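For reference, the structure discussed in these notes is given below.
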Amino acid sequence: MTSRNLNRSYSLIVSKLSLDQIVQFEVSSEAYYKKALSHPIWPGAESGVTIGIGYDLGYHSGSSVRSDWEGKISDSDLNDLLEVVGLKKEAAKNSIRGIKHVTVPFESAKEVFYVATIPKYAKAALSAYPGIDMLPADAQGALLSLVFNRGSRMSGSSRAEMKAIQQLVIGGDLSGISDQILSMKRLWDINKLPGLHKRRDIEADLVANARTSYDTDELMHV
């Protein structure tokens, strides 16, 4: 368990294992990133144009994109990316052709991921799930991964499990949280989106088997 400190400069204490898993979910490996992900992609479903390590332009403001990426990619590439900010689904898919020339180096992607992206999502996860910071570090990281992938919206039938997890977090019910994550797989056809099924399986396993004790070098404050 973690201790609450309202004056801290971080939102969560996650295991490095869970954070590494998010990178694995998003890019697989550095070699694969350089081969397939160094230019903008559209992952499908409700996603926007995505760059770097899971940085979805559909869910960021223009000002945050400029703040996060200025100086890390060329000015001309950044200006081109700003044209597709906020686009999602088919609109994002249809915009890809016009920005395929944009290049995001792996080192820049990692810097934005650790310095800008993860802290924002950690804050969002803490807001979505009050009490998450009292869970074991593996469970905090798994729910961070969930919010990173699905956002923090709680309304609508497709968000029933996301909403149910709120009370389970408050009660520290790791088994219940794990079950709700697994239940989300109902939303996606495994033949079309097998990666999301695998992601939910791994997140659920991280929660269900979260350890209560960690060495200092196994943790990250985000």
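The values are calculated or read from the model by the stated rules, or taken from the named source; none is laboratory data. What you see is a predicted model, and the numbers here were worked out from it, not measured in a lab. Cβ atoms come from the backbone with ideal geometry, glycine included; neighbour counts cover every protein chain shown.
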Exactly one of (1) in a loop (DSSP other than H, G, I, E, B); (2) at pLDDT below 95; (3) not β-branched (Val, Ile, Thr) is unmet by HIS101. Its number? (2)
Between a residue in segment 117-129 that is more than 18 Å from ILE51 (Cβ to Cβ) and any residue that is part of a loop (DSSP other than H, G, I, E, B) and charged (D, E, K, R), which pairs come within a Cβ distance under 9 Å, given they are 6 or more apart or on different chains? ALA128/ARG153
For segment 10-64, which residues satisfy the criterion of being within 18 Å of MET220 (Cα to Cα) and of a type in the set (Ser, Thr, Tyr)? TYR10, SER11, SER15, SER18
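Let's see how each residue does on (1) within 20 Å of ASN149 (Cα to Cα); (2) of a type in the set (A, V, I, L, M, F, W, C); (3) at pLDDT 95 or above:
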site: ASP20; (1), (2), (3): yes, no, no
site: VAL23; (1), (2), (3): yes, yes, no
site: VAL27; (1), (2), (3): yes, yes, no
site: PRO40; (1), (2), (3): yes, no, yes
site: THR50; (1), (2), (3): yes, no, yes
site: TYR59; (1), (2), (3): yes, no, no
site: SER74; (1), (2), (3): no, no, yes
Top-ranked residue in segment 23-73 [being assigned to a loop (DSSP other than H, G, I, E, B) and of a type in the set (D, E, K, R); ranked as surrounded by the fewest Cβ atoms within 10 Å (Cβ to Cβ)]: GLU46
Is it the case that some residue within segment 174-184 is touching a Lys or Arg at 6+ places or on another chain (Cβ under 7 Å) and either over 22 Å from VAL23 (Cβ atoms) or at pLDDT below 95 (or both)? yes
Name every residue in segment 77-98 that is at negative phi and outside any helix (DSSP H, G or I), in order of residue number. GLU83, VAL84, VAL85, LEU87, LYS88
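A quick yes/no check of all residues on (1) among the charged types (D, E, K, R); (2) touching a residue at least 12 places away in the same chain (Cβ under 8 Å); (3) surrounded by 16 or more Cβ atoms within 10 Å (Cβ to Cβ); (4) out of contact with any His (no Cβ under 6 Å at 6 or more places or on another chain):
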site: ASP77; (1), (2), (3), (4): yes, yes, yes, yes
site: GLU83; (1), (2), (3), (4): yes, yes, no, yes
site: GLU90; (1), (2), (3), (4): yes, no, no, yes
site: ASN94; (1), (2), (3), (4): no, no, no, yes
site: GLY98; (1), (2), (3), (4): no, yes, no, yes
site: PRO105; (1), (2), (3), (4): no, yes, no, yes
site: ALA109; (1), (2), (3), (4): no, yes, yes, yes
